[in-house]
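The structure appears right after this line, and notes come after that.
The values are calculated or read from the model by the stated rules, or taken from the named source; none is laboratory data. Bear in mind the structure is a predicted one, so any value in this text is a computation, not a measurement. Neighbour counts run over all protein chains shown; Cβ positions are idealised from the backbone, glycine included. Heavy atoms of the whole protein, side chains included, go into the accessibility calculation; ligands, DNA and RNA do not. Shrake-Rupley method; radii C 1.70, N 1.55, O 1.52, S 1.80 Å.
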Amino acid sequence: MVETAQEQTVPKHIAIIMDGNGRWAQEKGLPRTAGHKAGGENIRPVLEHAKARGVKYVTLFAFSAENWNRPKPEVKYLLDLFRKYLFGDIKELQKEKVRVSFIGSREKFSSDLVERMREIERETEQYDDFHVVLALSYGGRQDLIEAVKRIALDIREHKYLISAIDEEKINDSLSTHGIPYPDLVIRTSGEQRISNFLLWEMAYAELYFTPIYWPDFNEQDLDIAIEAFGRRNRRFGGLK
Ligand code: IPE
Ligand code: IPE
Ligand code: MG
């Protein structure tokens, strides 16, 4: 999808780097895992509010390709948490006709979890009102590497010429295919970096950084971010 400058007060697609779980817990004298638990519990109200505000897509950065390098017990806690959500709580979203899909590499997940992800995608693919994209084991560079491999294979199989490689071909080869580019990227916890999130896709996204830790980021904070987005002058390289 090619962006054009136009008045847009509510972003169609918000991508969130849900950061700060560990510090949230540590500042309360709790183990980092308590922050992940609280962070998980914060997802639902924020999603509900985004939907109520008319946002159509929310991409959540839940676990990065680099997060596998965390201490083993923390990785295990997070995997157990995903399992709990994907086999349980996600049914609530399905009841509300929310489309759910996953981006990132599925390589390191156990086969039952991978099968469950596919099942959730299949079961919800008919819903088009509100779409939640979960980034699990996701890295922007890794996703681009996979896309390049897919394109190279297509060329080798003479499906199209090198000269036919364009923005659309690259989009179609990424795990975000079919999802419009994010208009607004929010990162909580005060860090002001992208941490290998949607590198290609966020080329023209507005960036919003807040010091609030993810477990404390609430509906009102989302409104403030949306309001800030509405005040931005989205020029996309042109003049407006
Ligand atoms: C984000 O919170 C959640 C994941 C990366 C899984 P962190 O765990 O990064 O929390 P901080 O940044 O250490 O506070
Ligand atoms: C980014 O947060 C990944 C997620 C929120 C899932 P990190 O906490 O892993 O990023 P860095 O290490 O601070 O860059
Ligand atoms: Mg962090």
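Projected onto the charge dipole of the range 5-127 (+1 at Lys/Arg Cβ, -1 at Asp/Glu Cβ, origin at the Cα centre), which of PRO11, GLY35, PHE87 gives the Cα projection farthest towards the positive end?
GLY35
In debye to the nearest 20, how big a dipole does the chain give about its Cα centre with +1 on each Lys and Arg Cβ and -1 on each Asp and Glu Cβ? Don't skip to the answer; put the middle values down first.
Details: 36 positive and 38 negative charges, 92 e Å.
Here the chain has a charge dipole of around 440 debye.
Give the Debye-formula value of log10 I(q)/I(0) at each listed q (0.11, 0.12, 0.13, 0.15 Å⁻¹), with one equal scatterer per alpha carbon of the range 77-190, two decimals each.
-0.46, -0.54, -0.63, -0.81
Quick one: 3J(HN,Hα) in Hz for the range 67-79, Karplus 6.51/-1.76/1.60 with θ = phi - 60°, rounded, Gly and Pro as x.
5, 4, 7, 5, x, 3, x, 5, 4, 5, 4, 5, 5
Mind listing the phi-derived Karplus ³J(HN,Hα) values for the range 168-177, rounded to whole Hz, using 6.51, -1.76 and 1.60 with θ = phi - 60°, and x for any glycine or proline?
5, 4, 5, 4, 5, 9, 8, 6, 8, 4
Tell me, what ³J(HN,Hα) does each residue in the range 86-98 have, in order and in whole Hz, if you take phi through Karplus 6.51 cos²θ - 1.76 cosθ + 1.60 with θ = phi - 60° and put x for Gly and Pro?
6, 9, x, 4, 5, 4, 4, 5, 4, 4, 8, 6, 9
Quick one: go through the range 185-205 and flag any residue whose amide nitrogen is under 14 Å from the point 7 Å out along the Cα-to-Cβ line of LEU144.
So the set is 194-204.
Could you compute the FRET efficiency for TYR204 and LYS84, with r as their C-beta to C-beta distance and R0 at 30 Å, rounded to 0.05?
Details: r = 36 Å, r/R0 = 1.20.
According to the calculation, E is roughly 0.25.
Under a crude label model (7 Å from the Cα following the beta-carbon direction), how far is GLN8 from ASP216 in nanometres?
With each label placed 7 Å out from Cα toward Cβ, I get 3.1 nm.
Skipping prolines and chain starts, which residues have an amide H placed within reach, meaning under 5 Å, of the one on PHE102, given they are 5 or more residues away or on another chain?
Residues meeting the criterion, in which the H sits 1.01 Å from N, are LEU134.
Quote the relative contact order of the chain in percent (integer), defining contacts as alpha-carbon pairs under 8 Å separated by 6+ residues.
On the way: 359 pairs, mean separation 75.1, N = 240.
Relative contact order of the chain: 31 percent.
Taking the alpha-carbon distance from LYS95 and a cut-off under 24 Å, which lysines remain once sequence neighbours fewer than 8 residues away in the same chain are dropped?
LYS12, LYS37, LYS51, LYS56, LYS84
At a 1.4 Å probe radius, carbon and sulfur cover how many percent of the accessible area of the range 55-141?
Working: 2250 of 4430 Å².
That share works out to 51 percent.
Determine the distance separating the Cα centre of the range 164-227 from the Cα centre of the range 13-70; give it in Å without decimals.
Cα centres, the range 164-227 to the range 13-70: 13 Å.
Using the beta-carbon distance between HIS158 and SER105 and R0 = 30 Å, what value does 1/(1 + (r/R0)^6) give for FRET efficiency, to the nearest 0.05? Working shown, then result.
Numbers: r = 28 Å, r/R0 = 0.92.
Taking R0 as 30 Å, the efficiency between HIS158 and SER105 is 0.60.
Taking amide hydrogens as modeled 1.01 Å from N in the peptide plane, which residues meet the under 5 Å criterion relative to LEU184, leaving out close sequence neighbours?
HN-HN under 5 Å from LEU184: HIS13, ALA15, GLU206.
May I ask for the Kirkwood hydrodynamic radius of the chain, worked out over all distinct Cα pairs and given in angstroms to one decimal? Mind showing how you got there, number by number?
Numbers: mean 1/r = 0.0531 Å⁻¹.
Hydrodynamic radius (Kirkwood, Cα pairs) of the chain is 18.8 Å.
Quick one: order PHE236, PHE209 from most to least accessible surface, probe 1.4 Å. Mind showing how you got there, number by number?
Details: PHE236 45, PHE209 70 Å².
Final ranking, largest accessible area leading: PHE209, PHE236.
By per-residue mean of other Cβ atoms within 10 Å, what is the highest-first order of 161-168, 120-127, 45-52? Don't skip to the end; give the middle numbers.
Values: 161-168: 10.2, 120-127: 13.9, 45-52: 17.0.
Order by mean packing, descending: 45-52, 120-127, 161-168.
Heavy-atom accessible area per residue, the chain, 1.4 Å probe: how many Å²? Working shown, then result.
Details: 12740 Å² over 240 residues.
Per-residue value: 53 Å².
Only helical DSSP H runs with n ≥ 4 go in: add -39500 (n - 2.57) per run for the chain, normalise by residue count and round the 222 nm mean residue ellipticity to 500 deg cm²/dmol.
Values: 8 runs with 97 residues, N = 240.
Taken over the chain, the calculation gives -12500 deg cm²/dmol.
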